Every structure is written in C-alpha cells, then in structure tokens.
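The values are calculated or read from the model by the stated rules, or taken from the named source; none is laboratory data. These numbers were taken from a predicted model, which means no experiment stands behind them. Neighbour counts run over all protein chains shown; Cβ positions are idealised from the backbone, glycine included.
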C-alpha cells in the first residue's frame, strides 16, 4: 500500500502537482487497516485532510470503514467511493495471475477517474520497475486495464495540470539520509525501530559503516567509540531505544565526544502506539541524562530541513564536541512530501575531519575561551578520554576548583549559538516584519507544513517555526515577548514547547494540542484556531 | 597492569596506537597509570565502545578491560555478542569475584555459598563463567590466568593481543579487602589449547590459553 501511494504521488509530481502522502498502518507485517492518504495541489505546503474526494478500498470492510470520510456529494449520481472487487480491479489482478498488481490496476483506475492522461503513470511505473522486464510488463498491463475500468466512475475533472515543473518526492527519512551522506558520516549504529527503519536500510546500501548492535546501549557506545576514533558517527532510534542510550549520551557530554542521535518520535509512553506519530519526547531529549551538560536539539519541519539539518547536525556535533539530537517523528519520517528540485540542492559534501597533530604536551580537555578543546584521535598521540570528571589532561579529578572550571568550560560552548527558527510574517505586514498585534502561531518540527497550509487560507497570523528547540533561540524569546497573543501548536498532551516558551517569556500562551498518534489534519487545525 | 604494559611492549605497539577502554570499577583506576590512549567508559560498556573504535580504525590495537562486575554482570550481553561476531578486540576481565568499589556485594561470578555484604547467608547462585560464556558464543581465543604469575599473564595477554579476532583473557585476581579467603587459588596450567571447547565447560580451575581457533585472514 505504501509503494502504491508512492507511485501515485510521483506520477502526480510528473504532472506538476505537489503531493503529500500520509500512510497509516497497524503494528504488524501484513493486513489490518492499512491505508495511505494522498493529497495533491498546484500549491505548496500540504496538510493531511479528514475529508477526502476519492476513496478506493480493497475489501468491503475497509470500504465501510472509510466511506464516512468522503466529502459531501453535490451532484446526483456522483460517485466518490469505490470498492476494488466491485469495480473489477481484483479481477484484473486475478486474470494477470498476480494478486500484487491489484494495487497498480487501482492506480490506473484512479488516474482515469481523476481525468489524467495515462502517460505519466506509465512513465512512473517504468521508472520503478526498470530492469525487471517481466514485472514491468505485468504492472503496465494492470495499470492499462485499471485505466479502462476507470470509466465507471466518470471523469471528475481535476484535469487542469499546473504545467510541468521539476518536483521531487522524498520521505523525511530519505531526505535525512541525503543530509547524512553529505555530512560525510562514517559510522552509524542502528538497532531497528519504527519509524527510523528505512534509515538503516538506506545507510546499509551506502558507503557508511553500519553496525546493527545487540541493543541500543551497545549502539550508542559503539558510535561513541567510532567518533572518538575519528569517524563522524551517529545512532538512530525512537524513544524506547533512546531511553537505553541515555547513559551514553551523558558520557558524550562529559567526555566531549561528538555524536548525532536521530530520535524519531512515536506514540508513547512505553511501547505505546508503535506505528503512530508523536511530538511528546521534546522534554525527554532536552533533559535526558544525569547531571548537566550542553546539547543541541534540532527538529526539522520539512524535507528541505531534513536534508539541511541532517548535514548540519554533524557539523555542530564536531564543532562543539557535544551530542546533537535530530528530533523527527513518524509523520515526518515516513510520509512523503514534494518540493521543487532546485530548492533541495544542499551544499557540497563535507570534507573529512582531521585531529590535532604535532601537539606537544597535548591536553584533551585544555581550558579555552570557547570551551572547546583541541581534539586528537588515537593513532596520533596517547591521551586520556574520561567519563569521570577530569583535569585538562584527562586524569580523573575530584578537586572542587577543577570541577568548577570544567563545568564552566563545557557550559561556555553553546553560549554564542544564534538562529534556530524561521519567521513567517502575516500577509498584512507585507514582508516588513512582525505586526505584533496579530496572533503569533508557534510550531516546531513536523507541524511546519501543516501550519503553512493553514496560512494559505488565513494569512492574518504570524508564524514562528522553531527548528532548534534547544538551546531555545534567544532571538525568538524577544519576538515572543512582544507578541500580543501566542498560540503554540504541537502534537503532545501537555504542551511541552508551550511550557518552555512560558518559562522563557513569562507569558501565558494558548495551547493547541493533539495527542492521538495522528498529525494535525487541515479541518481540525482550522476548527481549533478559528473557534 | 604490569602484565598489560609488558605485553604491549613486547608486541611493539606504540602508546598512541593502543586504545584501552576501561569499565567502571576497581580495575578502571588503571587509566591513570597506563600510558596509552585510555578511555574511561561506562560500567558494563567497555566492550561496545571498543567495538566502535576498532570498526572506525582497524589499525589500532583495542583492549576492553573490566572486572567481572562490568563484563560478566552488567554487560554480559555485550560479551556474548562480541564473541559471536568475532570482533577483533581483546577483552581482559579482572575477576575478583565481588563488587569491590561498592563495598563488596555479590556479582554474577561470585562463588556459591560465599558470604558477602549482599549475601549474608551465603551466595545462593552458581557463578557465571566468562570463559564458558565466551566459548559457547563462538570466541576464537579464550584464556584464564592467575594474577600472581605476572610473567605468564603477560605472555598470555601478548598472545591475545596478537590474535586476529575476538580474544578473551580472564585474570583471576581476588580482592585483598573483600575476598581475602579467595586469594590463594589453585589451578592447573594447561600447556596446549584443547581442540574441543566443550571439554572446558564448567572447569574453573584450569589456567593458560585454553582454546584457540584458526585466526581471521588479513
């Protein structure tokens, strides 16, 4: 079902549409209510919707379950819901002798009902099955026959194509991997866990050394070992796995070992709803670990940011010799989004890192103004790395003055960090900055596109997208302090970002929350914000 | 520690090319005394850190060192999997049969019946053997030695370091504070490794290089 949604999205991209594909599936390998929602538009920034215009269900049970989601039918005789068996889609697959091509036949059907030429779908299918002649032939035939059956529904007239653009299609994880590869990552330790599994799959096919450890504790420690030995290193997991990594995270803070941790949030607590989304681990990643140590938390909001921050995370980890957490979620990681190709070109691959060489009296933890000490790798000189409190040379040390100075050294590292957010001005201010009398929407991470979609219809709001929740952007605090009304939109039960903002601004904020495993839907957000 | 030093010297490994990853516990204090690339990691986690170091830079000699508390109790999981994968590291276990640093509680390797601070009536469990665990998990080089024989211990560690593939050396090293009664250990030195590792299982009083499989190819 996921791959059918991908094919449909990409075929629509070929027609010049922007697309969003949001999959929902239960925590099992096959069966259950497995569905994808595909939204397409000539405009960018799309949100998932509650009401749909076309339903194609496989099986009576699924048909009944989703029938109520169809948007109101205006014309007599208009039909928007179809069941694959009833319209002959399953029969096509039977005749072709392969039940799997029913999906492709369904895509042909959809393309016809929507009133599109068959050609773009055909091109997309050819791309996907290139090199597999037999299967390609079978799928093309299925699509063609499905297209013929499509007459049944009647053409609905979505046919006005927005002209051909180079629109590319990525899942959040795919975009993230592009960033990771551009960063010159050399080592990834990943224990499988939804929703980061495709990162493991993709990196395993790349030049990155991939380690599938016995557990997340080992994964984190091995990644720290690899980073210490000179590779750019990362782990990827979800909340449960990150729980196991936390002791290692603290070691990264104390021993000053760069590490990038991708945390794909899913619905907790505990095993929770394993294949559903969440934004409830913000407090966790900001506060995880005993004692106090600096860390950076980045929360990309779209595929462009997944790419950019996927790369930047490694740069920041190395620059500050600290852990950097890339906080995504199931919605962003596994949904598919589209963007103009030219918007997604990130800069050149980062060069390999070099440790400090030729240092006499090398001190791994030398006190410096920036708090960052020169870093050497084993093989260059003998030196000590220590998870105990230590002196400049790395020897364990429990003296009070040394401790104070070391805490201050580590504490200095992130003080100068700027940026971390993206301002969107209300339309009325004509790009001249914020009109603080208008309400200020605040989001972080994967709500970005959904809020931008809302703003298309309701432009009289300011919007602050926070892509670096921690350290919380200083400039954002100033902006928020001036805003008359602050509305924080986030996918958790208590309003974790709202709490952070109240703490920094001493202002009461309004909370728009959702915590049922689903992203905000267009209708719901409108309802909650306009009410 | 002297034995480790001698072994590295004999193997002609420069301090900058040797990484010793220490567990947390009594034995980890060696970090402050051995001139190599030393890392004080986390309790039970010296093995996975070492695995990452070796994967990142295979030219380094990597030793994971810890007590039986770290390697056989907290981190036994890592021991099993590193042996299974045949990770090219050397694991040194300083077995003092007890949690020393936390004032003498029973560990997974404490002999049955021993009275400790956490087992006042005597330890009710059979001890877990690092050697046995490593053998059944597929380790290629497994040895046990007695700390008071520094010369032999150094030679065994030297051979373990030179072995390409996973190697484990259990160093029997009773604690002079908490397990005084175990200080005098008697064992039988094995002069030649056995062919079938199953013969070794359950035998805690044999010392020497007990088992050695064919090495990895370069």
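Just one of the listed residues (A:506, A:463) is buried (at least 16 other Cβ atoms within 10 Å of the Cβ) and either assigned by TED's automatic domain parsing to the domain that holds residue A:434 or modelled with pLDDT under 95 (or both), and it is A:463. Would region A:268-284 turn up any residue that is in a strand (DSSP E or B) and not assigned by TED's automatic domain parsing to the domain that holds residue A:468? Checked region A:268-284: at least one residue is in a strand (DSSP E or B) and not assigned by TED's automatic domain parsing to the domain that holds residue A:468. Here region B:64-86 is the region considered, the condition is being within 12 Å of chain A (Cβ to nearest Cβ) and outside any helix (DSSP H, G or I), and the residue that is surrounded by the most Cβ atoms within 10 Å (Cβ to Cβ) is B:64. The set of residues in region A:303-343 being in contact with a strand residue (DSSP E or B) (Cβ under 7 Å, 6 or more places away or on another chain) and surrounded by fewer than 18 Cβ atoms within 10 Å (Cβ to Cβ) consists of A:340, A:341.
Residues of region A:320-345 that are free of Cβ contacts under 8 Å to residues at least 60 places away in the same chain and closer than 20 Å to residue A:421 by Cα: A:343 alone. If you go through region A:199-237 and keep only what is more than 11 Å from chain B (Cβ to nearest Cβ) and buried (at least 24 other Cβ atoms within 10 Å of the Cβ), you end up with A:199, A:234, A:236, A:237.
For region A:363-397, the candidate set comprises residues that are away from chain B (no Cβ under 14 Å) and within 34 Å of the chain's Cα centre (by Cα); within that set, the residue that is farthest from residue B:25 (Cα to Cα) is A:370. Would you confirm, using the coordinates I've provided, whether residue B:102 is more than 8 Å from every other protein chain (Cβ to nearest Cβ) and free of Cβ contacts under 8 Å to residues at least 12 places away in the same chain? Criteria met by residue B:102. In region A:247-260, the condition of being under 15 Å from residue A:328 (Cα atoms) and at pLDDT 95 or above is met by at least one residue. Of everything listed in (1) over 25 Å from residue A:39 (Cα atoms); (2) outside any strand (DSSP E or B), the single unmet condition for residue A:526 is (1). Among the conditions (1) at the interface with chain A (Cβ under 8 Å from one of its Cβ atoms); (2) closer than 21 Å to residue B:154 by Cβ; (3) assigned to a helix (DSSP H, G or I), residue B:27 misses just one, which is (1). Residue B:58: under 16 Å from residue B:88 (Cα atoms), more than 8 Å from chain A (Cβ to nearest Cβ) and either over 17 Å from the mean Cα position of the chain (by Cα) or assigned to a helix (DSSP H, G or I) (or both), yes or no? So residue B:58 passes the test. Against the condition at the interface with chain B (Cβ under 10 Å from one of its Cβ atoms), modelled with pLDDT of 95 or more, assigned to a helix (DSSP H, G or I) and surrounded by fewer than 22 Cβ atoms within 10 Å (Cβ to Cβ), how does residue A:240 come out, does it pass? Criteria not met by residue A:240. Cβ-Cβ contacts under 7 Å between residues 6 or more apart (or on different chains), taken from a first residue in region A:104-118 that is on the phi > 0 side of the Ramachandran plot to a second residue that is assigned to a loop (DSSP other than H, G, I, E, B), are listed as A:115/A:155; A:115/A:156; A:115/A:157; A:115/A:158; A:115/A:159. Only one of the numbered conditions (1) free of Cβ contacts under 8 Å to residues at least 12 places away in the same chain; (2) under 24 Å from residue A:288 (Cβ atoms) is not met by residue A:496, and that is (1). Can you find a residue that is in a loop (DSSP other than H, G, I, E, B), within 23 Å of residue A:329 (Cα to Cα) and out of contact with any strand residue (DSSP E or B) (no Cβ under 8 Å at 6 or more places or on another chain) anywhere in region A:50-67? Yes, that holds for at least one residue.
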